[in-house]
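A short worksheet on the structure shown next.
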Amino acid sequence: MATPHINAKDGAFAETVLMPGDPLRAKMIAETFLEGAEQVTNVRNVFGYTGSYKGKRLSVMAHGMGIPSASIYTTELIKDYGVKNIIRIGSCGAVTPNIKLRELFIAMGASTDSKVNRMRFNDHDYAAIADYTLLRTLVDTAAEQGKKVTVGNVFSADLFYGVQPNMLDVLSKMQVNVIEMELAGIYAVAAQYGARAAGILTVSDIIPTGEATSAEERQTSFRDMMEVALDAAIK
Ligand code: HPA
C-alpha cells in the first residue's frame with residue numbers, strides 16, 4: 001500500500017536499498033549500475049528504482065537532505081515496504097586531519113546536534129550506530145577491492161550553513177572525523193523499526209580549509225564508493 005511519500009506497489013522494493021541524497025543520483029545509479037531497473041516511486045520527484053545487480057534484486061531510492069527527510073523515507077521503506085537493509089551512499093566534509101579529500105569513510109557511529117534521538121530516548125543520549133554485520137561487510141568489501149577506507153564517527157549536522165566555529169574544535173578533539181546530515185537519524189530509524197543500516201561516504205571537502213573536490217575527482221571517488229556499496233549490498 002502506498003504511503004504519504006512513496007507510491008510504489010507492495011513488494012516493489014528489494015530487501016536492500018541503496019540511498020543517495022539526490023533523486024537524480026538515484027536515477028543515474030539505477031541506469032548505470034542496475035539491470036532491468038524500473039522506477040517504482042516518484043512522489044515529489046524523490047525517485048526509487050528496483051532492478052538487479054550481478055543477478056541479485058536491488059533497489060535504489062533517494063532520501064533527500066537532512067535528518068527529517070531521510071527519516072521519512074527510511075521509516076516508510078522499513079515499516080510499510082519491508083525493507084531490511086539500508087545503505088546510505090553520500091558525501092561528507094572532513095574535520096580531522098587524518099581524513100583526506102576523495103577518501104572513503106564508513107560511519108560506525110553518528111553523533112548529532114539534532115534532537116530527534118533525544119525525542120526517541122527519554123531525553124537521554126542515544127548511541128546511533130551502524131549495524132555491525134552491514135558495517136563489516138562494507139569494510140571487508142573495500143579491503144577485497146584494495147580500497148582505503150576510514151571507519152569512524154560522523155557528525156550529522158542539522159545546519160549546512162552556520163555550524164558554530166568552535167564546533168570544529170570540539171569534533172576534532174572528540175575524534176569525530178567528518179560532517180554529513182543524515183546518518184544519526186537513519187541509524188535510529190533502523191533500530192526503532194528493526195532493520196539494518198550503514199553509511200559509506202566520499203570526502204567531498206575539507207571543512208577547516210575550504211578545500212573541495214573538482215567535478216572530475218567527485219566522479220572518481222563516487223565510482224569507488226559505488227563499487228564497494230554495490231558489492232556489499234548483494235552479499
Ligand atoms: N556539511 C554537511 N554535509 C556535508 C558537507 C558539509 O560540509 N560536505 C558534504 N556533506
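The table below lists the values:
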quantity	calculated
All positions within the range 206-229 that are within 11 Å of the ligand (Cβ to nearest atom) and under 17 Å from the mean Cα position of the chain (by Cα)	Arg218
Scan of the range 47-57 for residues that are crowded, with 20+ Cβ neighbours inside 10 Å and out of contact with any Asp or Glu (no Cβ under 9 Å at 6 or more places or on another chain), ordered by number	Phe47, Gly48
Unmet requirement for Ala14, which otherwise passes all of (1) in contact with a helix residue (DSSP H, G or I) (Cβ under 7 Å, 6 or more places away or on another chain); (2) among the aliphatic types (A, V, I, L, M); (3) more than 15 Å from Gly185 (Cα to Cα)	(1)
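Bear in mind these aren't lab numbers, they're just calculated from the coordinates by the rules spelled out. All of these numbers come straight from a predicted model, not from anything done at the bench. Glycine gets a Cβ as well: all are built from the backbone with ideal geometry, and neighbour counts include every protein chain shown.
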